Amino acid sequence: MTFVCLWSPRWATGGAQLADLAAALLEEAPRVAVEGRGVVWADARGLPASRLARALLERAEWRTREVRAGVAAVPVVAEAAAHSGGSPVTVVETGRERPFLAGLPLELLSPEPRLRALLDGVGVRTCGELAALAREAVEVRFGAAGAALWRLARADDGRRLFRPIPPERPHASMDFVEYEVRDAGRLAFTANALLGPVCGALAECGERAREMTLTLALSGGGTLQERVRAARPTAERDLWLRRVRGVLDRLVLPDGVVGVALEVEGTEAVSASQGDLFDRGFATAAPVEEAVARLVDGHGPLFVEPETTGHSLPERRTAWRARGPEEAAENAAEASGAEPCLALQLLPEPRRVEVRLRPRRDHAVPVRYRDLARGGAWKELLAAAGPERISGGAWEEGWAREYFRCVTEAGALVWLFRDAAGGDWYLHGWWD
């Protein structure tokens, strides 16, 4: 890396003047940093440093403000060149940093006053004289501050003046020049085309993504952004296409779409995922995900979740809604922390049974039952709680039932009901 240092004896340290100057210098240099002691740095990596330094001086009005520039591969040498150079721009060639500093006074390195007095007392006044000493001797006599100054005198400056440039995130975009799309579902074809280079870039870098941003440019101006997430980091194109399709299927467009863009929000290395040696499922996680993906593509949604409605009949009260594999996995992970409880297992259709009754006050309760459809043996009931009565169907075929929760001799909890209209008994389900 090559550094350009701008310095002027008239600059006020830490003032707004340098901040305004830095904004102007950014039109010439890709990165600019301002230090509170009145020094401005510019990044000349990959650029003709001498030409850049002169362009920066023109921006800084060097003729009226007595600004000078130093260029070197080491920050401390570039700053010393700006302070000591006789011309507007002083360039120190790579490999000549230590000889350049050798004849310069130590004041250019801004030592602490106490340290400067100690060095002056032993006759060390230039950078070359200090650099000629042994590091151990300097550290023993002048401490950590002396050792740090010794490294600078030897052109050893490891400061990071600029933050590392983050790598460009994988992205792809497409604009519609002669038409606009008003059906979000039709954008799946465009998303499929964009996912090719995006997932290809991830694979080339050995990375995976957990989240992408889908940006839709609207014909009336503005954009519409949607976050697309996966349950686990992946670079699989088919998985991301399913996730994007799921977002587009639920999306209501406020205006026509004239452009689509996809950008990865965060990545991690393929090797970043570490498994537990005692987790038997970790080694098979990727093959299982691929198998589920193939099943979904071939047979449609494989995961469903119940949704409760207000219907009074239990078999009509629950509706099943399809879920994607990632969403089903997230819901299963949330449910795994719930307290254990009995779950009612309903039969698709109530099954006819034969029941023996015993009178109890104003009603009769079942004491044993037999499954007629399966020709089973009689099952004794140790307890029967009920009845719980439901009725309805004013504008359709009416119904009226009496439900009993019963415990069998084997300890099973079953749900029986009597059809009040016909008097028949049915097994509706059980708890486990």
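Values in this text are rule-based calculations from the coordinates and carry no lab data. Everything numeric here is computed off the predicted structure, so don't read it as measured data. Every residue, glycine among them, receives a Cβ derived from its backbone with ideal geometry; neighbour counts consider all protein chains shown.
When the charge dipole of the chain is built from unit charges on Cβ atoms (+1 for Lys and Arg, -1 for Asp and Glu) and taken about the Cα centre, the candidate among Gly95, Gly121, Phe417 whose Cα reaches farthest toward its positive end is Gly121.
One chain, two ends: Thr408 and Ala319. Fully extended at 0.36 nm per residue, the span grows by 29.1 nm beyond their Cα-Cα distance. Backbone phi angles across segment 99-111, fed through the Karplus curve with coefficients 6.51, -1.76 and 1.60 (θ = phi - 60°), yield HN-Hα couplings of x, 5, 6, 4, x, 8, x, 5, 4, 5, 8, 6, x Hz in residue order; Gly and Pro are listed as x.
Tally the DSSP beta bridges in segment 1-149 and give the antiparallel ones as a percent, rounded to 5.
Values: 15 of 18 bridges.
Of those bridges, close to 85 percent are antiparallel.
Under 5 Å from the amide H of Ala400 lie the amide H atoms of Ala420, Ala421, each residue being 5 or more positions distant or on a separate chain, with H modelled from the backbone and absent for Pro and chain starts.
Using the 10 angstrom Cβ neighbour count as an exposure proxy, how do Phe417, Phe176 rank, fewest first? Numbers along the way, then the final one.
Values: Phe417 24, Phe176 15.
Going from least to most buried by this count: Phe176, Phe417.
This model, with +1 at the C-beta of Lys and Arg and -1 at the C-beta of Asp and Glu, gives the chain a dipole about its Cα centre of some 720 debye. Straightening the chain between Ala188 and Arg98 buys 26.3 nm, computed as 0.36 nm per residue apart minus the Cα-Cα spacing.
Simple rule: put +1 on each Lys or Arg Cβ and -1 on each Asp or Glu Cβ in the chain, find the dipole, and look at Ala19, Ala377, Ser8; the Cα lying farthest toward the positive end is Ser8.
3J(HN,Hα) along segment 155-161: 6, 10, 10, x, 5, 9, 7 Hz, from the Karplus curve 6.51 cos²θ - 1.76 cosθ + 1.60 with θ = phi - 60°, whole Hz, x for Gly and Pro.
When only Cα pairs under 8 Å and 6 or more residues apart are kept, what is the percent relative contact order across the chain?
On the way: 728 pairs, mean separation 35.1, N = 432.
Rounded, it is 8 percent for the chain.
The string of couplings for segment 179-187 from the Karplus curve (6.51, -1.76, 1.60, θ = phi - 60°) is 7, 9, 10, 10, 10, 4, x, 6, 6 Hz, one whole number per residue in order, with x for Gly and Pro. Taken about its Cα centre, segment 117-230 carries a charge dipole of about 400 debye when Lys and Arg each add +1 at the Cβ and Asp and Glu each add -1 at the Cβ. Taking the DSSP bridge list for the chain and keeping only pairs wholly inside it, about 95 percent are antiparallel. Peptides 37-50, 348-361 ordered by packing proxy, namely the average of other Cβ atoms within 10 Å per residue, highest first: 37-50, 348-361.
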